[in-house]
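Here the structure is laid out as structure tokens; the discussion comes afterwards.
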Amino acid sequence: MQIVHHLPDLRRAVAALRTGGARVALVPTMGALHAGHMALIDAARATGAKVVASIFVNPKQFGPNEDLSRYPRPAEADKALLIAHGCDLLWMPGVDDMYPAGFATNVSVSGVSAGLDGAARPGHFDGVATVVSKLFNQVGPDAAFFGEKDFQQLAVIRRMVADLDVDLEIVGVPTVRESDGLALSSRNVYLSADERARAVALPRALAEAKRAIEAGESGALDAAMASMAAAGFVTDYVSLVDAGTLSEPQVGRPRRLLAAAKIGTTRLIDNLHVDP
Ligand code: PAF
């Protein structure tokens, strides 16, 4: 696996990967890689494309009181995982490579980024949309792979790509979970053993709410919040929305149940498909 840190080297390396007409798939990440990220790499590889991963802890998507400074950065372990999964090229820019002096552009996607995490984390999705636009322009991939665990992020990126006529395919990959149901996340390393044991209340509450909603029972969202509170979560939201627009659910359309909550100082998110 080739590793590049500066844009001219990236452009040369991507051009070399394309020799012979190969397609290029991009897997954008912030590192601290786990099996969820590897599912993205594996899905990208399975298309037959050359796989470019990026690792960049993007300061623009962290709020002032969030975990930018302590976000895990296990670079050597990340590289080993990417090599083991057959990644072809790793793009690891520094902050000055991504945002050189004078950088003044913000990409903002309205509507789909307004509620849920957009409301709880002001500016977060502008930071995501800005860096993902840059990554698309830097790498020029034919396809890009994102996890469904960050469901609103995926919706924001799909909207941005459609609105800006970006010529690439966005592929969403199902969430990878621990055996007890907790969604894999780079932030799970923050959990103490006790918090980790209690964190399973989040996926369990969502699974029960999904069952209740699909069975036509009322009070499912309140019940989910109550069981999460009983496990010690402080809930930002548990919300049922239209799976495409993330606004009010529409009759006959796919729905998504999303939740965000803090256990101790760690904020976790999760979501499930809900049948129309
Ligand atoms: O999902 C992530 O890891 C990040 O939000 C992304 C898409 C790499 C942008 O920084």
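FYI, it's all coordinate maths here, none of it is from the lab. Keep in mind the model is a prediction, meaning the values are calculated, not measured. Neighbour counts are summed over all protein chains in view; Cβ atoms, including those assigned to glycine, are modelled from backbone coordinates with ideal geometry.
Whole number please: convex hull volume per residue of the Cα set in the range 1-121, in Å³?
With only Cα atoms used, the range 1-121 gives 145 Å³ per residue.
How big is the Rg/Rh ratio for the range 25-96, C-alpha atoms only, Rh by Kirkwood, two decimals?
The Rg/Rh ratio comes out at 1.00.
Using a Cα distance threshold of under 20 Å, what count of lysine pairs results for the chain when pairs must be 8 or more residues apart or interchain?
Going through the chain pair by pair, I get 5.
How high is the FRET efficiency from SER110 to ASN65, r the C-beta distance, R0 35 Å, rounded to 0.05?
Calculated transfer efficiency: 0.90.
When only C-alpha pairs under 8 Å and at least 6 residues apart count, what is the relative contact order of the chain, in percent?
17 percent.
Quick check on the chain: helices-only [θ] at 222 nm, where DSSP H runs of length 4 and up contribute -39,500 (n - 2.57) each and the sum goes over total residues. Nearest 500, please.
Using -39500 (n - 2.57) per qualifying helix, the result is -11000 deg cm²/dmol.
Quick one: the Cα spread of the chain along its three principal axes, in angstroms, biggest first?
57, 42, 39
Please state, to two decimals, what the Cα-based radius of gyration of the range 172-276 comes to when divided by 2.2 N^0.38 Å (N = residues).
That ratio works out to 1.05.
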